[in-house]
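The values are calculated or read from the model by the stated rules, or taken from the named source; none is laboratory data. Just so you know, these numbers come straight off a predicted model, no measurement behind them. Ideal geometry is used to build each Cβ from the backbone, glycine not excepted, and the neighbour counts take in all protein chains shown. The accessibility values were calculated without ligands, DNA or RNA, using every heavy atom of the protein model including side chains. Shrake-Rupley method; radii C 1.70, N 1.55, O 1.52, S 1.80 Å.
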Amino acid sequence: MMRYRWLTAAVLGLLVLGCARPGAGDGDAAPLPTPSVTASAPPDVAAGPPPGDGAPHQAENNGWKQRHELTPSEQSTGDALAARIRPKLTALRKAGDFDPASTRKALLDLGLRPDDVGVSEMRQPPGAVFEVRFPEAGCVIGDVRPERVLVEVTGANGEFGCLEPVTH
């Protein structure tokens, strides 16, 4: 019984020593600084984002995702096209029709060129994902699914066009 008390005392002693903060009276380091509250100037925005968990070349690695910035004229063209598309796709959603072939037909019924229209099934059906390309480098993209109709105007990308490829 006495042996266990000695062993328990030794283990507790080691735990207490192991939990002490560095430099707490053992002479091997200076005491830790005490936190203080001081006002500081805002970080320099030109210095870039603070270091984090991202890859060192994350911006360069994701450069292929950058889209063409639409001019005001291109944005206006895209907005007008989106305004024509939205009612057709809303009617499909209300009818419960999420078939990609129906979405494509609705877009072509607007008089769009077949080469400018792309439609595919959503990864998690039911639903359809669409893209409509318009001059010079614009896109109307979105989807039709039970909970919503999404129609967005954006610039195209030189690598993949309107819809970013599915990678995962």
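Structure notes:
- Residues that are assigned to a loop (DSSP other than H, G, I, E, B) and at negative phi, drawn from segment 111-143: Leu112, Arg113, Met122, Arg123, Gln124, Pro125, Pro126, Pro135, Glu136, Ala137
- Residues being open to solvent by less than 40 Å² (accessible area, probe 1.4 Å), modelled with pLDDT of 90 or more and more than 22 Å from the chain's Cα centre (by Cα) - total across segment 133-161: 1
- Selection within segment 89-100: residues that are assigned to a helix (DSSP H, G or I) and either polar (S, T, N, Q) or free of Cβ contacts under 8 Å to residues at least 12 places away in the same chain (or both). The member of this set that is farthest from Cys139 (Cα to Cα) is Lys94.
- Within segment 111-151, tally of residues that are touching a residue at least 60 places away in the same chain (Cβ under 8 Å) and closer than 15 Å to Asp99 by Cβ: 1
- Qualifying positions in segment 64-114 - open to solvent by 80 Å² or more (accessible area, probe 1.4 Å), modelled with pLDDT under 95 and of a type in the set (Asp, Glu): Glu69
- In segment 91-133, residue farthest from Leu81 (Cα to Cα) [restricted to those that are in contact with a strand residue (DSSP E or B) (Cβ under 8 Å, 6 or more places away or on another chain) and basic (Lys, Arg)]: Arg93
- The set of residues in segment 101-110 being without any contact (Cβ under 8 Å) to a residue 40 or more places away in the chain and in a helix (DSSP H, G or I) consists of Ala101, Ser102, Arg104, Lys105, Ala106, Leu107, Leu108.
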